[in-house]
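Chemist: I have a structure I would like to understand better, so I am pasting it below and will then ask my questions one at a time.
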Amino acid sequence: MQVTQESLVFAYHAGEEVVAVLDAAEAFDMERGVAVPAVCLPRWTIGAIAACLDRGRRPAYVLRFLHHGSPCLCIIDEAAIEGVA
């Protein structure tokens, strides 16, 4: 029996700047070392993809962006990305 493993295809790559919707995203403020609740985030942001992730066989991304001047990270699904900035 042969088992074939499908490769997950990512539409975006590390380093690309994208426009992303942050609805329900939970972010982490890297400078302050604290979580940023979703209600405190803007509806959307422009950020850079830091890494690509396999989230249960669905493409997801670690997004790096600035929030009130502080660098933040969050994980978003590919569907949350509107396109390249």
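Chemist: For V3, work out the one condition from (1) at pLDDT 95 or above; (2) outside any strand (DSSP E or B) it doesn't fulfil.
Modeler: So the condition that V3 fails would be (1).
Chemist: Additional query: Exactly one condition in (1) under 14 Å from E78 (Cβ atoms); (2) exposed (fewer than 15 other Cβ atoms within 10 Å of the Cβ); (3) out of contact with any Lys or Arg (no Cβ under 8 Å at 6 or more places or on another chain) is not met by L63; state its number.
Modeler: Checking L63 against (1) under 14 Å from E78 (Cβ atoms); (2) exposed (fewer than 15 other Cβ atoms within 10 Å of the Cβ); (3) out of contact with any Lys or Arg (no Cβ under 8 Å at 6 or more places or on another chain), the one that fails is (2).
Chemist: Which one of G33, G56, G69 is closer than 28 Å to E6 by Cα and loosely packed, with under 12 Cβ neighbours inside 10 Å?
Modeler: G56
Chemist: For the range 45-61, state whether one or more residues are acidic (D, E) and more than 19 Å from G83 (Cβ to Cβ).
Modeler: There is at least one residue in the range 45-61 that is acidic (D, E) and more than 19 Å from G83 (Cβ to Cβ).
Chemist: Also, quick follow-up: Restricting to the range 37-47, count the residues that are under 15 Å from E17 (Cβ atoms) and either crowded, with 17+ Cβ neighbours inside 10 Å or in contact (Cβ under 8 Å) with a residue 40 or more places away in the chain (or both).
Modeler: Matching residues across the range 37-47 total 2.
Chemist: Another question, if that's okay. Can you find a residue in the range 11-33 that is charged (D, E, K, R) and at pLDDT below 95?
Modeler: So far as the range 11-33 goes, yes, one or more of its residues are charged (D, E, K, R) and at pLDDT below 95.
Chemist: Looking at A25, is it in a strand (DSSP E or B), surrounded by 14 or more Cβ atoms within 10 Å (Cβ to Cβ) and among the small types (G, A, S)? Outline the logic, then answer.
Modeler: Details: in a strand (DSSP E or B): no; surrounded by 14 or more Cβ atoms within 10 Å (Cβ to Cβ): yes; among the small types (G, A, S): yes.
Answer is no for this residue.
Chemist: Output the number of residues of the range 18-36 satisfying the condition of being without any contact (Cβ under 8 Å) to a residue 40 or more places away in the chain and among the β-branched types (V, I, T).
Modeler: Of all residues in the range 18-36, those without any contact (Cβ under 8 Å) to a residue 40 or more places away in the chain come to 24, 32-36.
The next check asks that each one be among the β-branched types (V, I, T); those that pass are 34, 36.
Final tally of qualifying residues: 2.
The values are calculated or read from the model by the stated rules, or taken from the named source; none is laboratory data. This structure is a prediction, so every number in the text was calculated from the model and none was measured. Every residue, glycine among them, receives a Cβ derived from its backbone with ideal geometry; neighbour counts consider all protein chains shown.
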